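Every read-out reported here was derived from the displayed coordinates using simple, explicitly stated rules and does not represent laboratory data. Predicted model, so just to flag it, every value in this text is computed and none were measured. Every residue, glycine among them, receives a Cβ derived from its backbone with ideal geometry; neighbour counts consider all protein chains shown.
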Amino acid sequence: MGGFFGITSRQDCMMDVFFGVDYHSHLGTRRGGMAAYDREIGLQRKIHNIENAPFRTKFEHIFEEMEGTAVIGCISDSDPQPMLIRSNLGTYAICTVGIINNADALIDRYLSFSGGHFDAMTGGRVNTTELVAALIDQKSSFADGIRFAQNSIDGTANILILKEDGSIIAARDKLGRIPVQIGKNEDGYCASMEEFAFTKLGYEKVRELGPGEIVELTPDAMIQLANPGKDMRVCAFLWSYYGYPTSTYEGINVEAMRYRNGAAIAERDMEQGRNADIDYVGGVPDSGTPHAIGYANRTGLPFARAFIKYTPTWARSFTPARQSDRKKIAKMKQIPVHELIKNKNLLFVDDSIVRGTQLRETVEFLYDNGAKSVHMRSACPPIMYGCKYLNFSRSTDDMDLITRRVIMELEGEEGMKHIEEYADGKTERGKAMRQAICDKFNFASLGFQSLEGVVNAIGLEPCKLCTYCWTGKE
């Protein structure tokens, strides 16, 4: 997905932005970048590949190369950024978070009516952030241009712009699917996706931008360029998986939501008598762990870490492009605690079940180390649709999803007409899909959190949440 962080200040703020961007590393693994404005030097920019080394390692010498009193940076899971743009609006740096589903149509339209051009990437693809900038530049002001871009884009675009006068423009996407937080200290203002990224640096939260809201930040003030819209569809999956435990979105903390969510799953299992023989409850690390703690606290069953992820030197398991490499890294990271596995009935809570490839290997690993049985619970409903707003997984097709593949095996194309039934564990089709997944992965039992359950655990009105990956409804 990705995240960004920026500061405009009376003081040099390279160090603060360095740490602020690094605090977004859980959101992306491909590219890191920073752009800075200095009154004497002007705009500067540096981008590094971070697939094989963390952001802070690649940028630890940035203070010898750049300086500035206004700086933006980003972690990107897609294209290199920030981009430096020279246009009718002046020279500026820009980074974005989101996805554009109609990029080809927008490129054709832009090229046809303007005679312009793009810097093509490998395979002729255009950098998404450059495309957003081209759309913004169709208008005579940044505010009008950002609104034009967001209204033209099918998808999502959070935008952070560093102008050549040292001010920063921050814009939340029009339906607020991704948060943008504003902070302040005695020297200036900052914009960030993650609130904790600036509170750790001594900034106080001013507020969270509303859907479609645009603000301009200077060291002295926050100026509203566009009012927030009334409709919001913030991504519910942020709380289930993507959000860092200390993150708070729309006033709701991620870790606390996961405890509530795990407790709700446990209550349903207790009503159905599905956890009577469990020896230990554990989470599939890392984001499954707080859901499992909530489950264990509610049931009174002991929580245990039956295996540990060895993370000091291994990159995140989904970083490599090749599935075979991801599988190898996932295997190398799992270290068993034999005393907690052998001859034990184990129940694990995972944040979600997407493709299921690594989960299958985790279960095999547990059985290979002597587990008596492995029960699995998903902290969210079955994922039936690939996300088209945040690009949260590498899936490029709905048939990459384990749910879709199982439905195809059970019923062929006819089954695709009954997705809603398959999502519901109370229906015959829903029960059949769950049993088929159990059989594939050798689960002793499988349960998914309900849509109602996860929405209640978040605590926002359902109409304010995006649940597209579960329901297919926008």
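Structure values in brief
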{"item": "Using distinct alpha-carbon pairs, which all enter the 1/r mean, Kirkwood radius of the stretch 2-230 in Å", "result": "17.2 Å"}
{"item": "Footprinting exposure proxy for Val71, Val455 (fewest neighbouring C-beta atoms within 10 Å first)", "result": "Val455, Val71"}
{"item": "Ranked Ile308, Ile7, Ile252, criterion: other C-beta atoms within 10 Å, fewest first", "result": "Ile308, Ile252, Ile7"}
{"item": "R0 of 56 Å, Cβ-Cβ distance Glu409-Glu65: FRET efficiency to nearest 0.05", "result": "0.55"}
{"item": "Net charge contributed by nearby residues that have their C-beta within less than 14 Å of Asn261 (K/R +1, D/E -1)", "result": "-1"}
{"item": "Paramagnetic label zone (point 7 Å from Cα along Cα-to-C-beta, Phe19; backbone N under 19 Å) in the stretch 67-81", "result": "67-75"}
{"item": "Helix 323-333 axis, angle to the chain major axis (alpha carbon atoms, nearest 10°)", "result": "70 degrees"}
{"item": "D_trans [Stokes-Einstein, Kirkwood Rh over alpha-carbon pairs] for the stretch 347-474, 4 °C, 1.567 mPa s, µm² s⁻¹", "result": "85 µm²/s"}
{"item": "Qualifying aspartates and glutamates (Cα of each under 17 Å from Cα of Lys174; at least 8 residues distant if same chain)", "result": "Asp144, Asp154, Glu208, Glu213, Glu216, Asp231, Glu250, Glu474"}
{"item": "Local electrostatic count at Leu162 - Lys and Arg +1, Asp and Glu -1, tallied over other residues with Cβ under 15 Å", "result": "-2"}
{"item": "Which of Arg360, Arg172 has the fewest Cβ neighbours within 10 Å, and the rest in rising order", "result": "Arg360, Arg172"}
{"item": "Charge tally in the Cβ shell below 9 Å around Gly294, where Lys, Arg are +1 and Asp, Glu are -1, Gly294 excluded", "result": "+3"}
{"item": "With 10 Å bins from 0: P(r) over the chain, alpha-carbon pairs, percent", "result": "4, 20, 29, 25, 15, 7, 1"}
{"item": "Cα→Cβ-extended label distance, 7 Å offset, between Glu364 and Glu40, nm", "result": "6.0 nm"}
{"item": "Cα-based shape type of the stretch 252-471, given that a ≥ b ≥ c are square roots of the gyration tensor eigenvalues and the cut on a/c is 1.5", "result": "rounded"}
{"item": "Degrees separating the helix 428-441 axis from the principal Cα axis of the chain, which is the longest one", "result": "90 degrees"}
{"item": "Restraint check, Lys431/Lys473; Lys372/Lys417; Lys58/Lys139; Lys163/Lys205; Lys309/Lys344; Lys344/Lys431, Cα-Cα greater than 31 Å", "result": "Lys372/Lys417; Lys58/Lys139"}
{"item": "Cα centroid of the stretch 72-111 to Cα centroid of the stretch 17-49, whole Å", "result": "15 Å"}
{"item": "Projected-area mean, the stretch 411-451, by convex hull of Cα positions, square nanometres", "result": "3.1 nm²"}
{"item": "C-alpha long axis of helix 402-411 to longest principal axis of the chain, angle in °", "result": "50 degrees"}
{"item": "Extension gain from Ile223 to Asp108, taking 0.36 nm per residue of separation minus the Cα-Cα distance", "result": "37.9 nm"}
